[in-house]
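Following: one structure in structure tokens, then a few remarks.
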Protein chains: 2
Amino acid sequence: MDYYSSQISKLIEEFTALPGIGAKSAQRLAFHVINMPVERVEELANAMVTARKKVCYCKECCTLTDQELCPICSKPDRDHTTIMVVENTRDLAAYEKTGKYNGVYHVLHGAISPMLGITPADLRMKELMIRLQADVKEVIIATNSTLEGEATAMYLSKLIKPSGIKVTKLASGVPVGGDLEYIDEVTLLRALDGRIVM
Amino acid sequence: MDYYSSQISKLIEEFTALPGIGAKSAQRLAFHVINMPVERVEELANAMVTARKKVCYCKECCTLTDQELCPICSKPDRDHTTIMVVENTRDLAAYEKTGKYNGVYHVLHGAISPMLGITPADLRMKELMIRLQADVKEVIIATNSTLEGEATAMYLSKLIKPSGIKVTKLASGVPVGGDLEYIDEVTLLRALDGRIVM
């Protein structure tokens, strides 16, 4: 990239290292930043550094937050006896956006993966087991519907069941608006297995 | 986004304001940054602020650079009598990547657009006219093949022609690898008009 001066090349390189940003987008972002007002660039730069430095784990549900307790765990009107276990904070956000779930969460920060060398000890499972000693009625396992997610769900369910707490998992099936023609066979079979009386 | 703590929301908002970054990508980027080592985040933040502060216009061709003269204008082995006029630094980079153009460039920083209120006075045309007083043999107008780009090309050509300098523009036609079936009519007619004897 010797047709760009060094500062521009450096910035493009930095952007390319981010996930989901290819060479073209990195260029576009770099030139956008160069044309932004200085204060706006400083604001963006500060937001990154501050977020990185201030963000920690919620001491209750282990989600990423900048307080001791996250906004959800600190709300008294949430049902603290129902815990939904998710893989990461983005999955938590996906359910929060529905606005219909009133329980609390527990964020594992990953899923068991022998391929990536992630074992149960690398996930926030110990913290979950400690929470279960309080008054908990149900644990909803909402890990992703991937090999890793399902292995994690199985593992957790075996771990929790002896305590007598109800363990559930999300329904698997045809997504709303989905066209059967384009849906994979495993999903089709799961939808059939899980069929509901009308 | 009250399910995210304020620092995370702020960072997601900042990312969403960038071009081509939607809500999902912004979330993904924010969590990526939060999980990056602190030094890497600081490096990225500094690259942005430094690039924004150091980058200026090349005093010759007006491209964005961090020196008085850009890497291309400062090379003595480039042909300084042939100037390719482009809309922005990314277009310059596109031609540089071909590695086959040995002339120099002139960056207008936009195109004439009555819609956006961009007039010739907003573009680096005066700087181009000053350059033409030196020994220049050809000006290749390589503005985009859009309404604005073509209007700019027409305007420039009328401006330069009286000086007796040769003015050319890029060929318009079927892109290499293009399937006629999917190409718009205007392009098809231009390709026909510009047909070449084999």
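For the structure I just gave you, tell me whether B:Glu14 is open to solvent by 60 Å² or more (accessible area, probe 1.4 Å) and either in contact with a helix residue (DSSP H, G or I) (Cβ under 7 Å, 6 or more places away or on another chain) or over 28 Å from B:His109 (Cα atoms) (or both).
Taking the combined requirement at face value, the residue does not satisfy it.
From the residues in segment B:162-180 that are surrounded by fewer than 12 Cβ atoms within 10 Å (Cβ to Cβ) and among the hydrophobic types (A, V, I, L, M, F, W, C), which one is modelled with the lowest pLDDT?
Filtering first and then ranking leaves B:Leu180.
The values are calculated or read from the model by the stated rules, or taken from the named source; none is laboratory data. For clarity, every value in this text was computed on a predicted model and none was experimentally measured. Because the Cβ atoms are built from the backbone with ideal geometry, glycine has one as well, and the counts that use them run over all protein chains shown. For accessibility, only protein heavy atoms count, side chains too; no ligands or nucleic acids. Shrake-Rupley method; radii C 1.70, N 1.55, O 1.52, S 1.80 Å.
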